[in-house]
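J.: Sending over a structure as structure tokens; questions will come in a sec.
The values are calculated or read from the model by the stated rules, or taken from the named source; none is laboratory data. Quick caveat, the model's predicted, so the values are computed rather than measured. Positions of Cβ are backbone-derived with ideal geometry, glycine not excepted, and every protein chain shown enters the neighbour counts. Just the protein is used for accessible areas: all its heavy atoms, side chains included, with ligands, DNA and RNA removed. Shrake-Rupley method; radii C 1.70, N 1.55, O 1.52, S 1.80 Å.
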Amino acid sequence: MANIDQLSARQIAAGIAAGDFSATEVARATLDAIDVREDGVQAFLQVSADLALEAAAKTDARRAAGEELGPLAGVPVAFKDNMHLIGTRTTCASRMLENYESTFTATCVQRMICAGATPVGKTNMDEFAFGSSTESSAFHRTNNPWDTSRVPGGSSGGSAAAVAAGEVTLSLGSDTGGSIRQPASFCGVVGLKPTYGAVSRYGVVAFGSSLDQVGPFGRSVEDVALAMNALVAGGRDTLDSTSQELPVDFVAQLEDSAEGMRVGIIPALMEHEGLSAEVRAGLGRARAALEDQGVQIVEVDLPNMASAIAAYYVIGPSEAFSNLARFDGVRFGYQEPGCATLAEQTALSRAHGFGAEAKRRQMLGAYLLAAGVYDKYYYPAQQVRTLITQDYRNAYQSCDAIMLPCAPTTAWRFGEVSDPTQMYASDLFTISNNIAGNGGVSVPVGREEGTGMPLAVQLQGPAFADHTLLRVARAVERGIAGTDAFVPGTVAPAFVGKGGELA
Ligand code: GLN
């Protein structure tokens, strides 16, 4: 029979409903695939075999009782380790929370499970989601499944890699400045950062509260759309005050023709130094695929984009400093033993609990919010934020979506980018969307000549038009599939068929 890595979310749910295989068989095949592949990928911080088999058994019992199955029935899903799930630890890949047992379940996780999904574990990430390569995890690195000497991107690197290696069908990540879209592009999978407020963050450890958003990874646009349906089902979550009702079906319009839609491109961005020729070629390929389907390409401008990195690296660390104050060894987190005073205990708990990047961000935030400094940096950053938001509003007067790179290059080798500011600079194309609060999606468009690494484009859209965005993403996927060796749903070659056989 089939290997688990060849099946889409829809095929798994349909196969279970039809009795072709059981949810338990799918869970076992998934655990087997993880068992065999994890050595090479290291995407997980924790595999929750018991939870997976328990959830799968419930799904099978529902079917046996003739009850209706959810749209994600039996679909294996992994969660970034900043999402609470009872029965697992939630470490944020930090020593600070190494032994922290979840005391409740995040809404996003709960909704996936309510839709029938089988939770299989928690994935590696940059510590507290600070980073673009998953190298700042306190525990281990995660390898890019397409070339294990390269980074998977970050901060949701484990979630992207697990899907790319065929260890799970779907995963969730969080995106504060690109942490879903960039690892999706590095790993050759689809990753959606929904509009701010579209998905509840209740139960997700906060980084930058005005920027954070949860979203799905999958090997196809359709799988991501199915996950979105699950994430918005149930409407507004009153436990997250930014959560909004989003009564749309993300799957229904996916196959509608994209003819007549307008996609904006930003000519000035194509001239950006550091944008690799291959990434530019990938954009050209996506553009041709869209034009073939009757999409009109229009030129737009985001004149304040050049200030986005500066604004983000003021707002993000400031909010992170405030959010991470709770990890003091008393309220939460690692507590240094044997201290004589509370001050010493706080200082040493934080000194030993946090890694270098987490410290850097918090020190930066502490400085930026200090009296006298605030007016110089934080306040202007908020003004830039307004300008960028306005730029997007203007641009969306003349287009339905904007197409741009996800990252300037494909995935780099471990250790290749070690200067933090160089890493921050690579976030150029993703962070403006978080600043404006809009949705964005990364779609694979082929592989880089020579290295074979995945190439992707990013599509951004107006607020709460994430379903339209997925429709354009599907058009790119459809167009590319016809023109290139790239096949949507592809698992990284080295991992295809390794374990995971459905008995
Ligand atoms: N790379 C960005 C940062 O380090 C984005 C991180 C994220 O989205 N969580 O801040």
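J.: With contacts defined as alpha carbon pairs under 8 Å and 6 or more residues apart, what's the relative contact order of the chain in percent?
T.: Values: 1262 pairs, mean separation 101.7, N = 503.
The value is 20 percent.
J.: Mind jotting down the distance between the C-alpha centroids of the stretch 67-120 and the stretch 325-342, whole Å?
T.: 27 Å
J.: Which whole-Hz couplings ³J(HN,Hα) result when phi for each residue of the stretch 222-227 is put into the Karplus expression 6.51 cos²θ - 1.76 cosθ + 1.60, θ = phi - 60°, listed in order with x for Gly and Pro?
T.: Karplus values, whole Hz, x for Gly and Pro: 4, 4, 5, 5, 4, 5.
J.: Turning to a different aspect of this structure: Calculated from DSSP H runs of 4 or more alone, at -39500 (n - 2.57) each and per residue, what is the 222 nm mean residue ellipticity of the chain, nearest 500?
T.: Working: 16 runs with 196 residues, N = 503.
Only helices count here, giving -12000 deg cm²/dmol.
J.: Ok, one more. How large is the Kirkwood hydrodynamic radius of the stretch 202-314, counting all unique pairs of alpha carbons, in Å? Write out the running numbers ahead of the final one.
T.: Numbers: mean 1/r = 0.0565 Å⁻¹.
Its Kirkwood hydrodynamic radius stands at 17.7 Å.
J.: With a 1.4 Å probe and all protein chains kept in place, how do 122, 359 rank by accessible area, largest first? Kindly include the intermediate steps, with their values, before the conclusion.
T.: Values: 122 0, 359 70 Å².
Solvent-accessible surface, decreasing: 359, 122.
J.: Same structure, new question: Given a 1.4 angstrom probe, what's the average accessible area per residue across the stretch 1-141, in square angstrom? Can you show the working numbers first?
T.: Values: 5100 Å² over 141 residues.
About 36 Å² of surface per residue is accessible.
J.: Find out how many positive minus negative residues lie around residue 395, taking Lys and Arg as positive, Asp and Glu as negative, among other residues whose Cβ is under 14 Å from that of residue 395.
T.: Values: positive: 262, 393; negative: 299, 301, 391, 400.
Net of charged neighbours comes to -2.
J.: Continuing with this model, one more query. Please state the shape class of the stretch 210-258: rounded when a/c is under 1.5, otherwise prolate if a/b exceeds b/c and oblate if not, all from the C-alpha gyration tensor.
T.: Note, shape of the stretch 210-258 comes out prolate.
J.: Shifting gears a bit: What do you get when you divide the Cα radius of gyration of the stretch 283-343 by 2.2 N^0.38 Å, with N the number of residues? Before the final figure, lay out each step's value.
T.: Values: Rg = 24.0 Å, N = 61, 2.2 N^0.38 = 10.5 Å.
The reported ratio for this selection is 2.29.
J.: Next up: Quote the charge dipole size of the chain about the Cα centre in Debye, to the nearest 20; the model charges only the Cβ of Lys and Arg (+1) and of Asp and Glu (-1).
T.: 660 debye
J.: Hey, what's the Cα Rg ratio for the stretch 9-83 versus the globular rule of thumb, 2.2 N^0.38 Å? If you can, show how the numbers build up before the last one.
T.: Numbers: Rg = 13.0 Å, N = 75, 2.2 N^0.38 = 11.3 Å.
Dividing the Cα Rg of the stretch 9-83 by 2.2 N^0.38 Å gives 1.14.
J.: Ranked highest first by the average count of other Cβ atoms within 10 Å around their residues, in what order do 415-427, 81-93 fall? Write out the running numbers ahead of the final one.
T.: Details: 415-427: 14.5, 81-93: 24.8.
Highest to lowest by the protection proxy: 81-93, 415-427.
J.: Please report, to two decimal places, log10 I(q)/I(0) for the chain at q = 0.06 Å⁻¹ as given by the Debye formula with identical point scatterers on the Cα atoms and no solvent.
T.: So the normalised log intensities are -0.24.
J.: Whose amide H sits under 5 Å from the amide H of residue 445, counting only residues 5 or more places off or on another chain, with H placed in the peptide plane?
T.: HN-HN under 5 Å from residue 445: 455, 456, 457.
J.: Which trypsin sites (Lys or Arg not before Pro) in the stretch 210-286 sit in a loop by DSSP (not H, G, I, E or B) and have at most 16 other Cβ atoms within 10 Å of their own Cβ? Kindly include the intermediate steps, with their values, before the conclusion.
T.: Details: sites: 219, 236, 262, 280, 285; in loops: 219, 236.
Within the stretch 210-286, the qualifying trypsin sites (Lys or Arg not before Pro) (loop, at most 16 other Cβ atoms within 10 Å) are 236.
J.: For a quick check: with amide H placed at 1.01 Å from N, whose amide H comes under 5 Å from residue 171's, ignoring anything fewer than 5 positions away on the same chain?
T.: Those lying under 5 Å, H to H, from residue 171 are 78, 217.
J.: Using +1 at the C-beta of Lys and Arg and -1 at the C-beta of Asp and Glu, which of 257, 327, 243 has the Cα lying farthest in the positive direction of the dipole of the stretch 243-330?
T.: Value computed over the given set: 327.
J.: If you wrap a convex hull around the Cα atoms of the stretch 249-401, how much volume per residue is inside, in Å³?
T.: On the way: hull volume 28.2 nm³, N = 153.
Once divided by residue count, the hull of the stretch 249-401 is 184 Å³.
J.: Using a simple charge model, +1 on the beta-carbon of Lys and Arg, -1 on the beta-carbon of Asp and Glu, nothing else, what dipole does the stretch 88-158 show about its Cα centre, in debye to the nearest 20? Before the final figure, lay out the partial values.
T.: Numbers: 6 positive and 6 negative charges, 31 e Å.
Result for the stretch 88-158 is approximately 140 debye, rounded to the nearest 20.
J.: Something else: Leaving ligands, DNA and RNA out of it, report the carbon-plus-sulfur percent of the accessible area of the chain at a 1.4 Å probe. Write out the running numbers ahead of the final one.
T.: Values: 9300 of 17750 Å².
That share works out to 52 percent.
J.: If you don't mind, another one. Of 156, 276, which has the most accessible area and how do the rest follow, probe 1.4 Å? Present the calculation step by step, with values, prior to reporting the outcome.
T.: Values: 156 0, 276 30 Å².
Solvent-accessible surface, decreasing: 276, 156.
J.: While we're on this one: Give the shape of the stretch 385-503 as rounded, prolate or oblate, defined through the alpha-carbon gyration tensor: a ≥ b ≥ c are the square roots of its eigenvalues, a/c under 1.5 means rounded, and otherwise the shape is prolate if a/b is larger than b/c and oblate if not. Let's see the in-between values first.
T.: Values: a/c = 2.27, a/b = 1.36, b/c = 1.67.
Note, shape of the stretch 385-503 comes out oblate.
J.: Next question, about the same structure. Give me the dipole magnitude in Debye, nearest 20, for the stretch 1-129 about the Cα centre, with unit charges on the beta carbon: positive for Lys and Arg, negative for Asp and Glu.
T.: Numbers: 11 positive and 17 negative charges, 70 e Å.
It comes to approximately 340 debye.
J.: Taking H placed 1.01 Å from N in the peptide plane, check which residues at least 5 places from residue 179 or on another chain put their amide H under 5 Å from its amide H.
T.: 155
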